[in-house]
Amino acid sequence: MRIRVNLNIQVNRIVKFFVLSDLFLLAGWGLIDPIFAVFIIQRIPGATVVTVGIAAGIYWILRSILQVPIANYLDRTPGEKDDFYALVVGLIIAGFSAFSFALITNVWQLYAVQIIRALAFALYGAAWPTIFSRHLDKDRVSFDWTCDGVAAGLAAGVAGLLGGIIAERFGFTSVFVLGAILSLFAAAALLGVPNLVIPKDTTKEANIKDHRPGSIGV
């Protein structure tokens, strides 16, 4: 009896670079998230467990609220240029917010940076899946999404293991700076595909939407 296993892992260029971008972003924040609560308690004067909860609430609630109008705006604007720019700007802001954590000296600054972080990930959350879903490989939709899920999981897992070690040996600032660098790498990775996402001939905009499988919603 013969068992044949088809390991065709080829994906198109846009999917490849978007998965790479996601890997960098989630690796960067995978370093930060596991040690974030410890940082707040140990390094911010006057911070308590309640402060950690408020900081988390500000981020998640504001991100959820902001993502709705951003998504509506992106949907109303023809083409993918606005989606691409929103994504790149969001990743740059994410890098800025990661670095800003290293400069925090009081609770209110923490809350302010969480607001900036929420804006960054609202832009990312509205724009990234929009472009990605439009350029999935035909008949390989599940595989393309799985590639991103695997990359994201591995990045977050490995980064989570390393984040505590880096913080213990080199300090919290090192974690935040490295997280910021990886977020900026996520933005830089997208520079490999702008000519594919934003074609020079604007008359071809309608063809971009045809790349999105009918089963995938944005």
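Rounded to the nearest 0.05, what FRET efficiency do LEU162 and ALA56 have when you use their Cβ-Cβ distance and R0 = 30 Å? Write out the running numbers ahead of the final one.
Numbers: r = 22 Å, r/R0 = 0.74.
Calculated value: 0.85.
What spacing in nm lies between the two simple spin-label points modelled at ASN195 and ASN106, each 7 Å away from Cα in the Cβ direction?
5.1
How much FRET efficiency would the formula 1/(1 + (r/R0)^6) give for ASP75 and SER174, where r is the Cβ-Cβ distance and R0 is 41 Å, rounded to 0.05?
After rounding, the FRET efficiency stands at 0.55.
How much mean residue ellipticity at 222 nm does the chain get from its helices, if each DSSP H run of length 4 or more adds -39500 (n - 2.57) and you divide by all residues, to the nearest 500 deg cm²/dmol? List each step's numbers first, then the result.
On the way: 8 runs with 164 residues, N = 218.
Computed ellipticity for the chain at 222 nm equals -26000 deg cm²/dmol.
What do you get for Rg/Rh over segment 13-194 if you use C-alpha atoms and the Kirkwood form of Rh? All intermediate terms of the calculation are to be shown ahead of the outcome.
Working: Rg = 16.7 Å, Rh = 16.8 Å.
With Rg and the Kirkwood Rh in hand, the quotient comes to 0.99.
Rounded to the nearest Å, what's the spacing between the alpha carbon centres of segment 172-186 and segment 77-117? Just the number, please.
Between the Cα centre of segment 172-186 and that of segment 77-117, the gap is 13 Å.
Which of the helices in the chain, when you take each full DSSP H run, stretch at least 24 Å along the axis at their Cα atoms and have an average Kyte-Doolittle score of 1.0 or higher?
Numbers: long enough: 13-43 (44 Å, 1.43); 49-76 (42 Å, 1.04); 81-100 (28 Å, 1.21); 107-134 (41 Å, 0.92); 141-170 (42 Å, 1.07); 172-189 (26 Å, 2.17).
Within the chain the helices that satisfy the rule are 13-43, 49-76, 81-100, 141-170, 172-189.
Read the figures in this text as sums done on the coordinates, not as results from a lab. Keep in mind that what you see is a predicted model, and the values were worked out from it rather than measured. Methodologically, a virtual Cβ is constructed for each residue, glycine included, from the backbone with ideal geometry; neighbour enumeration extends over all protein chains shown.
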